[in-house]
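Reviewing the structure listed below.
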Amino acid sequence: MSDASSGKGGTSGTGGEPSRLRRALVTPELVSGIVLVSVVVAVADESDGVFDVFSITLLSLLVFWFTEVFAHTVAAQRRRPEGQAVALGASVRSALHHSRGFLFAGVLPLVFLLIGLFGLHDGIVAYWVALWAGVATLGVVGWIAFGGQGIRWYGRVGGALATAALGVLAVLLKVLVH
């Protein structure tokens, strides 16, 4: 019986749309990237201005993304049988594919900071919206991750809340640091 007919939401593991979305979207790099961006935004000093928060967030994200690509490329070599030539191009392509979640993680918060940078709303509003956007995005990722066959609605809600709690930790860090 599929989840749609059982009333539990989502689809079974037969390759339906939610299952495909879950496999494509829910990655450790996305979750880690969202938390990283949230922490960077949280510890940045908003009194220095939105441009500084935007720049620090973007540069930090790029450094961690590059590190992730490099780490995946290096780690790919451990799976290479002894005596086999290094396939650097294939390793880099695979690493770029696996680490894209880091880049996706920064899109929403950086867009909100850009909106504040160009004066479409107050910079402090942009700062807090960027911070809470991470919490909301983590909640959505958790909702998607915990959907599927055999998952009851309260398990899915619990998974979404637990995932969002990682972002709330960044907000609490903001409160403690500043």
| query | Regarding the stretch 3-177, what whole-number volume in Å³ per residue does the convex hull of its Cα atoms give? | reply | 146 Å³
| field | LEU114-ALA75 FRET efficiency (beta carbon distance; Förster radius 30 Å; 0.05 resolution) | value | 0.35
| note | In the chain, taking the dipole from +1 charges on Lys and Arg beta carbons and -1 charges on Asp and Glu beta carbons about the Cα centre, the listed residue (VAL140, VAL35, ILE56) farthest towards the positive end is VAL140
| note | Over all Cα pairs of the stretch 84-178, the Kirkwood radius sets Rh, and Rg/Rh then becomes 1.13
| message | Quick check for me: using +1 on Lys/Arg Cβ and -1 on Asp/Glu Cβ, what's the dipole size of the chain about its Cα centre, in debye to the nearest 20? | response | 900 debye
| task | Only loop residues by DSSP count here, and only those with at most 13 other Cβ atoms within 10 Å; note down the trypsin sites (Lys or Arg not before Pro) in the stretch 128-178 that meet that. | result | ARG152
| query | Restricting attention to the stretch 95-160, which chymotrypsin sites (Phe, Trp or Tyr not before Pro) occupy a DSSP loop and are surrounded by at most 12 other Cβ atoms within 10 Å? | reply | PHE118
| said: Net charge within 12 Å of ALA87 by Cβ-Cβ distance, Lys/Arg positive one each and Asp/Glu negative one each, not counting ALA87 itself? | reply: +3
| Rounded to the nearest 500 deg cm²/dmol, what is the calculated helix-only ellipticity per residue at 222 nm for the chain, with -39500 (n - 2.57) per DSSP H run of length n ≥ 4? | -25000 deg cm²/dmol
| note | TM-like helix rule applied to the chain (DSSP H, alpha carbon span at least 18 Å on the long axis, mean Kyte-Doolittle at least 0.5) gives 28-43, 50-76, 100-117, 123-145, 153-177
| task | Add +1 for every Lys or Arg and -1 for every Asp or Glu among the other residues with Cβ under 14 Å from the Cβ of SER47, and state the total. | result | -4
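Here, each number is a calculation from the coordinates, and none is a lab measurement. Being a predicted model, the structure only gives us computed values, none of them experimental. Reconstructed Cβ throughout: ideal geometry from the backbone, glycine too, with neighbour counts over all protein chains shown.
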